[in-house]
Amino acid sequence: AQSVAQPEDQVNVAEGNPLTVKCTYSVSGNPYLFWYVQYPNRGLQFLLKYITGDNLVKGSYGFEAEFNKSQTSFHLKKPSALVSDSALYFCAVTAPTGANNLFFGTGTRLTVIP
Amino acid sequence: EADIYQTPRYLVIGTGKKITLECSQTMGHDKMYWYQQDPGMELHLIHYSYGVNSTEKGDLSSESTVSRIRTEHFPLTLESARPSHTSQYLCASSDNGGGTTQPQHFGDGTRLSIL
């Protein structure tokens with residue numbers, strides 16, 4: 001069975017500093033991993049995904065994520081945080097076969113302090 | 001921005017009423033999904049569809065029902081609303097090509113409050 005853990009409910013970072021939002025996963029076989037962002041009163045927006053290949057994937061708005069198979073992690077990163085990055089971030093996993101059902105983490109609220 | 005639309009955005013209604021939440025997408029996606037999300041919390045899949053006349057229940061048990069008569073339309077119905085149905089409902093769709101590699105595109109949700 002697939003599952004995702006986001007160990008931090010809340011992450012605070014100063015504007016201009018690097019940010020990391022953590023995600024670990026459990027899946028049978030090779031994982032397909034996704035990051036989404038949710039702003040207040042909006043749906044989720046896709047940021048980036050890892051399917052195969054280079055462990056470092058780049059996505060929207062300057063975000064990137066590093067896939068680490070040995071640690072079963074897929075942490076979201078950005079070199080320099082903006083106040084506008086403040087939002088709720090979700091990591092999600094699915095498997096290559098079967099239903100295309102995403103399993104979401106519990107979300108991490110990122111607050112960037114001016 | 002993804003072309004997936006949900007109406008209404010907000011609905012406050014009394015117990016016992018029949019409710020239909022609308023979801024439409026203009027991307028021609030075969031796969032569509034309904035999630036339930038309490039504010040600021042994780043998403044739970046309640047229904048999904050792989051195409052016309054295909055519907056399946058998700059991981060979270062729900063008293064709602066869905067239909068998929070047209071590719072672009074995936075409405076969710078509650079026959080008799082109860083306060084326990086108060087939540088946010090998010091609709092999503094994804095392209096069938098590429099198997100499970102395709103990201104899901106989300107609507108802005110319907111926030112439902114049952115009095």
Taking the range B:96-115 and keeping only residues that are part of a loop (DSSP other than H, G, I, E, B), open to solvent by less than 10 Å² (accessible area, probe 1.4 Å) and more than 23 Å from A:Y50 (Cα to Cα), one is left with B:G109
Pick from B:Q104, B:Q25: which is closer than 26 Å to A:Y39 by Cα and within 8 Å of chain A (Cβ to nearest Cβ)?
B:Q104
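Go through the range A:47-114 and tell me which strands (runs of 3 or more DSSP E), entirely inside it, have 2 or more residues that are in contact (Cβ under 8 Å) with a residue 60 or more places away in the chain and either within 14 Å of chain B (Cβ to nearest Cβ) or more than 13 Å from the chain's Cα centre (by Cα) (or both).
Details: elements: A:56-58, A:64-68, A:73-78, A:87-94, A:108-113.
Passing ranges, in order: A:87-94, A:108-113.
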How many of the residues in the range B:45-72 are part of a strand (DSSP E or B) and either hydroxyl-bearing (S, T, Y) or under 11 Å from the mean Cα position of the chain (by Cα) (or both)?
10
Scan the range A:13-30 and report the pairs whose first residue is among the polar types (S, T, N, Q) and whose second residue is open to solvent by 40 Å² or more (accessible area, probe 1.4 Å) and not in a loop (DSSP other than H, G, I, E, B), with Cβ atoms within less than 9 Å and a gap of 6+ or a chain change.
A:T20/A:H75; A:T20/A:K77; A:T24/A:A5; A:T24/A:H75; A:S26/A:S3; A:S26/A:A5
Residue selected from the range B:66-95 under the condition polar (S, T, N, Q) and surrounded by 14 or more Cβ atoms within 10 Å (Cβ to Cβ), by the criterion farthest from B:K17 (Cα to Cα)
B:S94
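The values are calculated or read from the model by the stated rules, or taken from the named source; none is laboratory data. Small disclaimer: the values here were computed from a predicted structure and weren't measured. Counting neighbours? That spans all protein chains shown, and the Cβs are built from the backbone with ideal geometry, glycine included. We work out accessible area using only protein heavy atoms, side chains counted, and drop any ligands, DNA or RNA first. Shrake-Rupley method; radii C 1.70, N 1.55, O 1.52, S 1.80 Å.
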